[in-house]
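Data first, discussion second: the structure below is written as structure tokens.
Bear in mind that the values in this text are calculations on the coordinates, not laboratory data. Values in this document were obtained by computation on a predicted structure and should not be read as measured data. Backbone-built Cβ (ideal geometry, glycine too); neighbour counts: all protein chains shown.
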Amino acid sequence: MKHDKLDCHIHILPPARIGGLVRWIKKSFPGHPSREDTTPEEILEDLRDCGVGTVFNLVFPLKEEETESLNEFNREFAASHEGIVPFGSLHIETPGKDEVVERCITELGLAGIKLHPYAQGFEVFSPAFEPVFRKLNELKRPFIVHTGFDIFYGKTQDLEYLGGILDRYPDMPVVLVHSLFPRFELALSLLERYGSLYLDMTNVIACIKYYLDDPGFWASQAGFEDVAGSLDYFYRLLDGFSDRIMFGTDHPAGMGSPRTIYYDFASFDFSEEISVNLLGGTARRFLELHCGY
Ligand SMILES: [Zn+2]
């Protein structure tokens, strides 16, 4: 099998955290195929079986005390395995955030910073994270951030503040994970306006597929109320900006097994250009342009 896919969104963590992540996803999806005791090697194997050769591995500390050990875990995991692009992270309570970012990039060799404010329990589009944005802008390294699925998480984000961040830090590439689901009209207007902004369609593709398979049912489901009005923008994003859109599985906490996720992707029968870009082309250019790969 060719291993030419790049999965821009997976979570290989220390064993206790993998267990916690899988328990969490099973609460929402009781039949989810991942096991709490799944190992990093099994996670990689599942992806390799689908033709994935490279992954962005995303860690996120749930409390400040695990920040440093998680960043070091990701550095070591990448050093001892093929095809791992490690990203660093931190917590709102992390002191000296600019120094932590600098250490992640220059000492640990991590590609950029990823934050998951809904899981980590803080607002990221806020003054507390200005030192992170300033340092990433100075180093011209990317900031990957969870956005969207507000109703699923029962949370919201200050998207006006996000606009200010994009204005103030033009040298910091930003990836909006989950593409603000389902606010695709806003995602489109932001892509049109900011040249170094990217989207990650992880979990979005499956949600759109679910909706299209049974709109009558899904239109009434929490979080899907606005999907009908956003569909046109979903296709406009893909048709016009696939060179700035990536895709990943969120394995081991995605919308099913990697096999199911790539099957759902293939069911759209996207154009060659869209498929090539989302399944790795965009992420590979992103690594070369913004991460020194
Ligand atoms: Zn994720």
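So who's got an amide H within less than 5 Å of the one on residue 202, skipping anything under 5 residues away but keeping other chains? H placed 1.01 Å off N, in plane.
Result for residue 202 returns 178, 248.
Can you list the HN-Hα couplings for segment 66-71, worked out from phi with the Karplus curve (6.51, -1.76, 1.60; θ = phi - 60°), rounded to whole Hz and with x for Gly and Pro?
Rounded to whole hertz, the list is 9, 4, 5, 5, 5, 5.
Using θ = phi - 60° and the Karplus relation 6.51 cos²θ - 1.76 cosθ + 1.60, list the HN-Hα couplings for segment 118-125 in order, rounded to whole Hz, with x at every Gly or Pro.
6, 6, 7, x, 8, 8, 9, 8
Are there trypsin sites (Lys or Arg not before Pro) in segment 1-74 that DSSP puts in a loop and that have at most 16 other Cβ atoms within 10 Å, and which ones?
Working: sites: 2, 5, 17, 23, 26, 27, 35, 48, 63; in loops: 2, 35, 63.
Within segment 1-74, the qualifying trypsin sites (Lys or Arg not before Pro) (loop, at most 16 other Cβ atoms within 10 Å) are 2, 35, 63.
Relative contact order for the chain: what percent, with Cα pairs under 8 Å and sequence separation of 6 or more?
Details: 500 pairs, mean separation 56.8, N = 293.
Reported relative contact order: 19 percent.
Below 23 Å Cα-Cα, how many Lys pairs turn up in the chain? Only count pairs eight or more apart in sequence, or on different chains, if you could.
Total qualifying Lys-Lys pairs in the chain comes to 18.
Per 0.36 nm of contour for each residue apart, how much would the distance between residue 81 and residue 99 grow if the chain were fully extended, relative to their Cα-Cα spacing? Please list the in-between numbers first.
On the way: separation 18, 0.36 × 18 = 6.48 nm, distance 2.70 nm.
Gain on stretching residue 81 to residue 99: 3.8 nm.
With each pseudo-label sitting 7 Å past Cα toward Cβ, what's the residue 1-residue 63 distance in nm, one decimal?
The answer from the label model is 3.9 nm.
Report the net charge of residues surrounding residue 18, where surrounding means a beta-carbon distance below 11 angstrom and charges are Lys +1, Arg +1, Asp -1, Glu -1.
Charge balance near residue 18 sits at 0.
In whole Hz, with x marking every Gly and Pro, tabulate ³J(HN,Hα) for segment 273-278 from phi via Karplus 6.51 cos²θ - 1.76 cosθ + 1.60, θ = phi - 60°.
Residue by residue, segment 273-278 yields 4, 5, 4, 4, 5, 6 Hz.
Near the amide H of residue 112, under 5 Å away, which other amide H atoms are found, from residues 5 or more places off or on another chain, if H is placed in the peptide plane?
Distant-sequence amide H within range of residue 112: 88.
Tell me the GluC sites (Glu not before Pro) within segment 80-117 that lie in a loop according to DSSP and have at most 11 other beta-carbon atoms within 10 Å. Please list the in-between numbers first.
Values: sites: 82, 93, 99, 102, 107; in loops: 82, 93.
Sparse-neighbourhood loop GluC sites (Glu not before Pro): 82.
Would you pull out the residues with amide H under 5 Å of residue 181's amide H, same chain only if 5 or more places away, H placed 1.01 Å from N?
HN-HN under 5 Å from residue 181: 149.
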